[in-house]
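Q: After the structure tokens below, expect a handful of questions from me.
Read-outs: derived from the displayed coordinates by stated rules, not from any lab. Bear in mind the structure is a predicted one, so any value in this text is a computation, not a measurement. We place every Cβ from the backbone using ideal geometry, glycine too, and count neighbours over all the protein chains shown.
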Amino acid sequence: MASIRFPFLRSAVILAKVALCSFNRKPQACATGAHTTVNHAHACGSRLNEQSLEQNPRLSGELQLDSMSEKLSVMICISILQESRRLALADMLNAGPQADLLEIRLDHFLKAPEIGEIIANQPKPLLMSCRRPQDGGYWKGSEEDRQSLLRQCIISKADYVEIELDVADQIRKFPPSRRVISYTNLTETPRDIAQIYEEAQKKSPDVIKLTTMARTPEEAWPLVSLVAKQTVPTVVAGLGKPGVMFIVLGKKLGAPWTHVALEKGMENFPGQATVRELETVYHYGAIDRSTRFIGVTGFSEADTLTVAMLNAALAQLELPARCLPLPMGGVGAFRKVMDAVRLASVVVDAPHRGQILEAVTHPEEAAKEAESADVIVKQDEQWHGYNTLWRAAISELESVMKSKSQTEKPLQGRVVMIVGTNAVGRSVAYGVKRRGGTPIFASRDPQAAQRTAQSFQCRYVQFEALYTTMHDVLIVCSDEKEKLKPGTSESGIHPGYLRPGMAVMDLSVMHQKSKLSRDAELRGCAVVSPRQVLLGQVDLEVRLITGKEVRRELLQESLVNTAGPEE
């Protein structure tokens, strides 16, 4: 398979075996008795294209729903956050073509809004809200005036009017306007959220809306369970970046609408997804009740790019699956989430790649030696753990070094300084040793450096000693840093130490080149692009999860479309 970028056969065979298992529990039955090879995996993948995905065990993850597979009519709601009537009307026109529902945040207005004029000029149905400070709003008037404004919206026949649970009895229902009974908690998801939901059901709601902070599976799952069992149309809006999980799940579960921002800088709260990201990153329109989920933990820029590229690949392969961004939290609770959603595979973010091994029963050699798994797949009710980072990182590093030295084994006999002892550092150390290099760990935590070096039977030095320790390659794997001083990079490494001929790879920031990488380029170093490493990882993840492959150019297009061109 010419497109495979890593030349080490043993790793390719491992990946091929896993790829075959991705859609078939018995990979040997897919062949005629021949040994499993990468090309054989490709051949079996072609056969699987003809099979019914409904019988496919690898992506059979569904919540407890009926077997409906039609596209769901879930509205996209964009909030209008302007301070004046004129600007609000302009934003309504701009947002109208992209939205099914417009939320007018009356608490943002500096002067008393003209409700009749707003409703008369609506391009789409309107949700009128006027939030109090304790609910994340900006209302500065009296509570009596606020409730009077909401009553005016109802009398003026606004499509929806949001009313807080604790004042629901004070604002009567008046059709055709529909009442959205809301509960907001800006700090947590309370343990009694089910009781709060029951109380909201008693207030004759047309829709119930729950907005809470849900940072862990323990906090998030009660909300998901409520939506899955809803008897009243229910919207769950999670605060912060983890809230995107509810956007994706809400589409599958049939929420009446989902809240997004018109564009960056116009969010209801930090981290809220934009209407553009719904499609470019999450492929929202393709999600229905039959969609199966691949978990992706974490919400960093690199994790979001991973979601975008994986979704682009799944769409290209025409598979009924999309990515579900998830918070990790504790492994015990996360395992319950994996079982409840029936995830068949999970792509794990960097901070949790060591921790996830607690859920893995069959780690491959690289995952075991590096104590890090970045992809786990379920086969025969057992979780298998794999480390794609070392393959992608070493492949890119060798490619860059070959272009400078014209050597077939550029890492052979080279001394490689690895800054950081985290899962990323351990993964690349494993790869360096596999390719014949000599790793040395540098860290500001000498105890951690010593433990990690002992596990790899190599040296370690204090962070400051990296300047005086001879090495050919510098790989930065963590953001260990003291208070930055003028002239230092994000990693705390002074650029004057860099010299022509060195190879430099900074993996502390995966979605763009760091200042260290740019300084290294200016000083004539051979620099590895972290984006290319991320691309390589996703390429391998697609093969592991689906047993198929996509053009690398497709992943590149998705990456640039989401994050823009690399500087």
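Q: Under 5 Å between amide H atoms, partner at least 5 residues away or on a different chain: which partners does residue 372 have, H built in plane at 1.01 Å?
A: Those qualifying (amide H under 5 Å, at least 5 residues apart or on another chain) number zero.
Q: Placing unit charges on C-beta atoms (Lys and Arg positive, Asp and Glu negative, everything else neutral), compute the dipole magnitude of the chain about its Cα centre in debye, rounded to 20. Spell out each step's value before the answer.
A: Numbers: 68 positive and 66 negative charges, 217 e Å.
Result for the chain is approximately 1040 debye, rounded to the nearest 20.
Q: What list of ³J(HN,Hα) values in whole Hz, one per residue of region 354-369 in order, does the Karplus curve 6.51 cos²θ - 1.76 cosθ + 1.60 (θ = phi - 60°) give from phi, with Gly and Pro shown as x?
A: x, 4, 5, 4, 4, 9, 9, 9, 9, x, 5, 4, 4, 5, 6, 5
Q: Going by the alpha-carbon gyration tensor, a ≥ b ≥ c the square roots of its eigenvalues, is region 393-528 rounded (a/c under 1.5) or, if a/c is not under 1.5, prolate (a/b greater than b/c) versus oblate? Walk me through the intermediate numbers first.
A: Working: a/c = 1.60, a/b = 1.04, b/c = 1.54.
It comes out oblate by the Cα gyration axes.
Q: State the Cα centre-to-centre distance between region 223-247 and region 170-187 in whole Å.
A: With region 223-247 and region 170-187 each reduced to a Cα centre, they are spaced 17 Å.
Q: Mind ranking 497-504, 286-293 by how tightly packed they are, going by the mean number of other C-beta atoms within 10 angstrom, highest first? Could you put the intermediate results ahead of the total?
A: Details: 497-504: 16.1, 286-293: 20.1.
The densest-packed peptide leads the list: 286-293, 497-504.
Q: Hey, can you grab everything whose amide H is under 5 Å from the amide H of residue 163? Only 5+ residues off in sequence or another chain; H modelled, so Pro and N-termini drop out.
A: Hits under the 5 Å cutoff: 180, 181, 182.
Q: Hey, another quick one. What ranking of 473, 180 emerges when the number of other C-beta atoms within 10 Å of each C-beta is taken as an exposure proxy, fewest first?
A: Values: 473 25, 180 22.
Least crowded to most crowded, the residues run 180, 473.
Q: Also, quick follow-up: Could you tell me the distance between the Cα centroids of region 286-330 and region 501-567, to the nearest Å?
A: Comparing the Cα centres of region 286-330 and region 501-567, I get a distance of 19 Å.
Q: Using a ≥ b ≥ c from the Cα gyration tensor of the chain (square roots of the eigenvalues), is it rounded, prolate or oblate, where a/c under 1.5 gives rounded and otherwise the larger of a/b and b/c decides, a/b for prolate? Kindly include the intermediate steps, with their values, before the conclusion.
A: Working: a/c = 2.31, a/b = 1.65, b/c = 1.40.
It is prolate, given that a/c is not under 1.5 and a/b is the larger ratio.
Q: Further question: Net charge near residue 550, counting Lys/Arg +1 and Asp/Glu -1 over other residues with Cβ under 13 Å of its Cβ?
A: On the way: positive: 543, 548, 551, 552; negative: 318, 539, 541, 549, 553, 557.
Taking every other residue near residue 550 into account, the sum is -2.
Q: Still on this model: How would you order 142-155, 401-414, 365-378 from highest to lowest mean count of nearby Cβ atoms within 10 Å?
A: Put in order of decreasing packing, that is 365-378, 142-155, 401-414.
Q: Here's a follow-up. Where nothing but the Cβ of Lys and Arg (+1) and of Asp and Glu (-1) is charged, how large is the charge dipole of region 306-390 around its Cα centre, in debye to the nearest 20?
A: Details: 7 positive and 11 negative charges, 70 e Å.
The dipole of region 306-390 has a size of about 340 debye.
Q: Continuing with the same structure: Subtract the Cα-Cα distance of residue 188 and residue 157 from 0.36 nm times their separation in residues, and report this length gain in nm to one decimal.
A: On the way: separation 31, 0.36 × 31 = 11.16 nm, distance 3.39 nm.
Extra length from residue 188 to residue 157 when fully extended: 7.8 nm.
Q: While we're looking at this one, here's another question. Cα centroids of region 389-434 and region 123-157: how far apart, whole angstrom?
A: 59 Å
Q: How large is ³J(HN,Hα) for each residue in region 530-542, as worked out from phi by the Karplus curve 6.51 cos²θ - 1.76 cosθ + 1.60 (θ = phi - 60°), to whole Hz, x for Gly and Pro?
A: Along region 530-542, the couplings run x, 5, 5, 5, 4, 4, x, 4, 5, 4, 5, 4, 4 Hz.
Q: Moving to a separate point now. Can you tell me what share of the DSSP beta bridges in the chain is antiparallel? A percent to the nearest 5 is fine. If you can, show how the numbers build up before the last one.
A: Numbers: 8 of 69 bridges.
The answer is about 10 percent antiparallel.
Q: Give a residue-ordered list of calculated ³J(HN,Hα) values for region 412-417 (Karplus: 6.51 cos²θ - 1.76 cosθ + 1.60, θ = phi - 60°; whole Hz; x for Gly, Pro).
A: Values, residue by residue: 4, x, 7, 9, 10, 8 Hz.
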